[in-house]
Amino acid sequence: MPRKKLIAGNWKMNCLSAEGTALAKAVAKQTKETKFDCDFLICPPFTLLGLVKKCLRGSKVALGAQDVHFAEKGAHTGDISPLMLKDLGCTYVIIGHSERRVDHHETNELINKKAVAAHAAGLNTVICIGETEAQRNAGETIKVCQKQISGSVPADADAKNTVIAYEPIWAIGTGKTPTSADVQEVHAAIRAALNKKLGKTIANKMRILYGGSVKPSNAAELLSLPDVDGALIGGASLKADDFIAIAKNATK
Ligand code: 13P
């Protein structure tokens, strides 16, 4: 069964109201003007979720957040709960991005806990994994990704509530990407790890996105690989034209 591709934008810590509104409106408009064969998701910072939701009205672009706390509510200063995201109109949340694993010392255990809480609140998760440059050079990429899948992906994950994003850390924001053969090899190994954890039916249906310096010029090649089911896009998602140009390569 073909997997419908997901083209997701992670805006990271970018955009104030005016910029974010203009960007979301431009993405919504362009997704309505052309017929696409993929799903769309944009993940602005928390501060813009309400505004962006309004801009996306009437479009098929889903709204997601970039992180979530695992608790329902309570004494967690500065944190945001799954139900708060749901309340704002989010249907997705990114969990375990490498920038959070590094900056906030997030572990596989914590990411797993966040995913369980997000699923319980009815949110879909984009669970991120990926190796460092040193791990890649040491030939440990597949081992690292297997461990992250085994630890971060909860037992309740299925093809509807979970998307995996493979983002080699050394490819994020650097303009460097692995070769197509390397990307396909890692994605196939991730699917095998999902098979082991969740069974064949779920593993075959679950979308595995590639992230790390995806741009209009390399999108066709990356999105044509058999186990690449979409892209998680950082820098290029901040320009509506680039984001849409990437999506034009996303066919089944
Ligand atoms: P870039 O597309 O800027 O490399 O970022 C990728 C990423 O980290 C998306 O989550």
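The values are calculated or read from the model by the stated rules, or taken from the named source; none is laboratory data. Predicted, not measured: the structure shown is a model, and the values here were computed from it. Note that we place each Cβ from the backbone using ideal geometry, even for glycine, and neighbour counts take in every protein chain shown. Ligands, DNA and RNA are stripped out before the accessible areas are found, and what is left, the full protein with its side chains, is counted by its heavy atoms. Shrake-Rupley method; radii C 1.70, N 1.55, O 1.52, S 1.80 Å.
Across region 221-252, the residues whose backbone nitrogen lies under 12 Å from the label position 7 Å along the beta-carbon direction of Lys29 are 240-241. Net charge of the neighbourhood of Glu140, taken over other residues with C-beta under 13 Å away and scored Lys/Arg +1, Asp/Glu -1, is +1. Sorted on the mean count of surrounding Cβ atoms within 10 Å across their residues, most packed first, peptides 52-58, 127-133, 23-29, 76-82 read 127-133, 23-29, 52-58, 76-82. What the phi angles of region 69-81 give under the Karplus curve with 6.51, -1.76 and 1.60, with θ = phi - 60°, is a coupling list of 8, 7, 7, 6, 6, x, 7, 9, 3, x, 9, 10, 8 Hz, glycine and proline written as x. Solvent exposure of Val214, expressed as accessible area, is near 10 Å², computed with a probe of 1.4 Å over the protein chains only. In the context of the full set of protein chains, region 41-191 has a per residue accessible area of 44 Å² (1.4 Å probe).
Counting only protein heavy atoms, what percent of the accessible surface of the chain is carbon or sulfur at a 1.4 Å probe? Show your work: numbers first, answer last.
Working: 6180 of 11440 Å².
The C+S portion of the solvent-accessible surface of the chain is 54 percent.
Which value at 222 nm does the chain reach when only helices count, each DSSP H run of 4 or more adding -39,500 (n - 2.57), with the total divided by all residues and rounded to the nearest 500 deg cm²/dmol?
Only helices count here, giving -12500 deg cm²/dmol.
What the Cβ-Cβ distance of Ala138 and Met13 gives, at R0 = 30 Å and to the nearest 0.05, is a FRET efficiency of 0.45. Annotation: extensible slack from His76 through Lys53 equals 5.8 nm (criterion: 0.36 nm per residue apart, minus Cα-Cα distance).
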